[in-house]
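Colleague: Handing you a structure now.
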Amino acid sequence: EQGRMDADALAAACARDAGHGAVLAATIGATMTGAIDDVEALVAAARRSGPVYVHADAALGGLIVPFTDAGSAWGFARPEVGSVAVSMHKALGMPTPCALALCRAELVHARVEGEYIGATDATLGCSRSGLAVALVWHALATAGREGLAANARRALEMAEHTGKRLADAGLNPVLAPDSVVVVFDRPADWVCRKYHLATEGDRAHVVTVGHVSEQVIDELCRDAQAGPR
C-alpha cells in the first residue's frame, strides 16, 4: 500500500526461476510515497533463485534514512549490496542536478586511461561535470556528519508537521515510516500549479526538504481548503 516491493511476490517469482540468481533494485525512498524497501526481507526472498545482487536506489532517502531508526541496513554493510545511488540536489538543495554513484571497488572493471589528463576515469560517460563535483564536496565538507544529521532531523520533523496540518485540513495524508514524503488528496489544479506539486491520479505529495517551511505548509493547507477557482 505504501509502494514497497512485495517480498512474498518476489519470493514466488524467484522460486519459478530458481538457479539463475537475482538482481534487485531496492528503493530507499519511493518517488511518490517515500516508502523504504526492506532489503533484508527482499534478499531472503530472492535467495530462492540463487546468488543475489542488490542496487540501492537511495536517490531520495540516501541522506535522510541513515539518521533514522532504520539506519543503513540497506547499504554496503550488507554483502549483497554492490552499488548505491544518492541524489545530492534533493536533501542538500544543490543549485544543479547532481548525484553520487557508489560501487564496490572489486566490481569496477571498465577504466579509461587518459594520459593527457593525468587521471583514470571510471565514469559512465568517460567524463563528468567538475562544477557538480566541487559543489557536492563543498556541501558535504561544510555540513559534516552532524550537519547532515541536523538536516535530516529537520526534514523529518517538517514531514510530521505537514502530516498533522494536512490531516486537520481533511486531506487524508499518509506518511511512511522514516520518510520525508507526505502523500495527500490532490487539491484543485490551481493549488497544484502554485506549489508545483507532483501528482498521480487523485493524490499529490510534498517532499519536506530544503525550502519547505511551516509557513509554506500552512499556506498550502489554507489554499487547498479554499477549493476550485
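The values are calculated or read from the model by the stated rules, or taken from the named source; none is laboratory data. It should be emphasised that the depicted structure is a prediction, and the values quoted were computed from it without experimental measurement. Cβ: placed from backbone, ideal geometry, glycine included. Neighbour counts: every protein chain shown.
Colleague: So which residues in region 137-180 are free of Cβ contacts under 8 Å to residues at least 24 places away in the same chain, within 19 Å of GLY210 (Cβ to Cβ) and touching a strand residue (DSSP E or B) at 6+ places or on another chain (Cβ under 6 Å), if there are any at all?
Modeller: Scanning region 137-180 gives a single hit, GLY163.
Colleague: One residue is enough: does region 134-156 have a residue meeting the conditions at pLDDT below 95, over 18 Å from the mean Cα position of the chain (by Cα) and over 25 Å from THR68 (Cα atoms)?
Modeller: Yes.
Colleague: Can we say ALA25 is out of contact with any helix residue (DSSP H, G or I) (no Cβ under 8 Å at 6 or more places or on another chain) and closer than 29 Å to ARG186 by Cβ?
Modeller: Here the answer is yes, as ALA25 does meet what is asked.
Colleague: Could you identify the single residue in ALA77, ALA44 that is assigned to a helix (DSSP H, G or I) and either small (Gly, Ala, Ser) or outside the structural domain of VAL133 (by TED's automatic domain parsing) (or both)?
Modeller: It is ALA44.
Colleague: Then there is this: Hey, among the residues in region 67-91 that are under 15 Å from ASN151 (Cα atoms) and touching a residue at least 60 places away in the same chain (Cβ under 8 Å), which one's surrounded by the most Cβ atoms within 10 Å (Cβ to Cβ)?
Modeller: ALA91
Colleague: Taking only pairs six or more apart or across chains, which ones have beta-carbon atoms under 9 Å, a first residue in region 20-44 that is touching a residue at least 60 places away in the same chain (Cβ under 8 Å), and a second residue that is among the aromatic types (Phe, Trp, Tyr) and surrounded by 21 or more Cβ atoms within 10 Å (Cβ to Cβ)?
Modeller: Every condition considered, the pairs that remain are ILE36/TRP74.
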